[in-house]
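The values are calculated or read from the model by the stated rules, or taken from the named source; none is laboratory data. Since this is a predicted model, take the numbers as computed values, not measurements. Glycine gets a Cβ as well: all are built from the backbone with ideal geometry, and neighbour counts include every protein chain shown.
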Amino acid sequence: MKSTSVNIQQYFAFVRPTADFDEGDGLELGRLLFYQLSKTRKNADELREALNAFVERTTVLRECAHKYRFIDELLFHIMMNKTKLGAVQDYFSVTAGLASLTSNEAGQIGKSLAMILMASTTSGIAIHTYIFKYPALEELAAEYKWFKPMLGAIAEELMGMVLYGVKARAAVAAAVSTSDMVSDGVVLADYFRTGRTGFGHALVGTIGANMLLQLVLTWVQTRGLKKGRAKMIALEIFATFTCTKPGLDAWRVASGAEQLSGAPFTPLQAMGYAKAAEVATESVPGLVLQLVAVLMDSAENRTKRALVSIVISAASTGLMGAQVWHDANADPGQRQRNPRWIGMVPDQARGKAFAVALVMCSLQALAKGGATALLAVTNIKWMGAFVGVDLGLYVSYKLARRDFLV
C-alpha cells in the first residue's frame, strides 16, 4: 500500500500545469516515472502500456506528447535500457531536429542512452553528453526546463542498477595496479639475484612506503566505524600485504557496495585515494628508480622484464592522470563553475578523448621520469634542483589559476 506522501506527490505531479513545472519538479517527475514503471521493465508490452497510461495521466507529459508524438517512444526505450552494440553507429547518427524527428529516430535516441551510461561514471555526465549529442533533445531541454532534470533522475536510477562505466574503470585500475606490483616484484627479484642490492633496497622502500600509506588510509576509513571495525581492519591489512587491495577495492565498486556507517569515503572515493597513494609512493618513484637502473646497468642486465615494468609503471601513473583530467573536464557542474579552465573533453567521442589522454599522460610520465633519471645519473644536485623548481612552478601555477582542488 502506498504512503500518503507518495499519493500526494503523484497527485501534484499528475495535475500541475506545464507553466508551473520547474527543474525540481522535473527531478521528482523522473523519479516518480521510474518508481511507477520499474516493475514492468522486464516485459516490453507491459512497460509500453504502463508508460502510455502514465503519460496520459500527467499533464506536462500529455501536453508534450500531444505536441511531439515521439515522446512515448523515446521514454519507452530509455526505460528499457537495452542496446545492440552493432547498431550503436545508427543510434548516434540521428541528427534530425525537433520538428522533423520521427518516432523511429526517437526510438534510436532512446536506445543510445544505455550505451552512454555504460561509458559514464556519473548520471550527470551521462545526461549532459546525451542531451548535447542530439539536436532534438537540446531543443526539448530548451523548450521544457523540466525535461533534462527528468531524464537525469531516470538516468540516476538506471545507473544505480548497472554501474557499467564505474565497474569498467574499477576493473582497469585494479588490473593496472596489480600488474604494476607484480612487475615490480619480478624486477626486485632480478636486482637481488644479480647483486644490485642498492636498487633492490630502494625499490623495497617505495613498495613499503605505498603499503604504509595504504594502512594510514585504512585507519582513516575505519576509525569511525560503529560495527565490524576489527574485521574490516584485518581484511584491509591482509589485502595490503598480499597485494590484493586493488582487486578488493574494485570488487566493492563493481558490486555496488554502499558507504559504511561512520566511514568518511564511499568505496569509489576510497579506491581513488588508494590509487593516488600508490602513484605518489610507488609508481612514480619506482619508475624513476628503474630508469636509473637501466641507464647504469650493463647490457646483459637490461632485460625485457625491466622494460615491461617501466612501461607498466608509466601506464599506472598515466591512468591516474587521465582519469582526474577526464572527470574534471567532463563534469557538468565543473564546466559551469569554471568554464575558463574546464571543458576540454568534447561532448562526443569521449572514449577517444580519454584514450588520447591516457597515452599522453603515460608518455609524459616516461619523459619526466627519463629526464629525472638522466639528471640523477649525471649530477644528483641538478636532479634535486630540477624536481624542486618543477614542482614549485606547478604548484604556483595551480594556485594562480585557483584550481588546485578542482
Exercise. Can you tell me how many residues in the range 99-152 are farther than 19 Å from residue 76 by Cβ and β-branched (Val, Ile, Thr)?
Worked result: 4
Exercise. Among the residues of the range 349-367, is any surrounded by 14 or more Cβ atoms within 10 Å (Cβ to Cβ), modelled with pLDDT of 90 or more and of a type in the set (Gly, Ala, Ser)?
Worked result: yes
Problem set entry | Residues of the range 130-163 satisfying the condition of being surrounded by 21 or more Cβ atoms within 10 Å (Cβ to Cβ) and in contact with a Ser or Thr (Cβ under 7 Å, 6 or more places away or on another chain) | 152, 155, 159
Problem set entry | Residue match in the range 284-292 (condition: touching an Asp or Glu at 6+ places or on another chain (Cβ under 7 Å), at negative phi and of a type in the set (S, T, N, Q)) | no
Seminar exercise, completed: Of the residues in the range 213-242 that are of a type outside the set (S, T, N, Q) and crowded, with 17+ Cβ neighbours inside 10 Å, the one that is farthest from the chain's Cα centre (by Cα) is 233
Exercise. Among all residue pairs at least 6 apart or on different chains, which show Cβ distances below 7 Å where the first residue, located in the range 257-268, is in the same structural domain as residue 222 (by TED's automatic domain parsing) and the second is of a type in the set (Gly, Ala, Ser) and surrounded by fewer than 18 Cβ atoms within 10 Å (Cβ to Cβ)?
Worked result: 262/224; 263/224; 264/224; 267/257
Exercise. Among the helices (runs of 4 or more DSSP H) contained in the range 243-314, which hold 2 or more residues that are more than 21 Å from the chain's Cα centre (by Cα) and surrounded by 14 or more Cβ atoms within 10 Å (Cβ to Cβ)?
Worked result: 284-296
For this session: Filter the range 22-71 down to residues that are touching a residue at least 24 places away in the same chain (Cβ under 8 Å) and basic (Lys, Arg) and give me whichever is surrounded by the fewest Cβ atoms within 10 Å (Cβ to Cβ).
Result: 69
Exercise. When you scan the range 358-406, how many residues do you find that are touching a residue at least 24 places away in the same chain (Cβ under 8 Å), aliphatic (A, V, I, L, M) and farther than 24 Å from residue 344 by Cα?
Worked result: 4
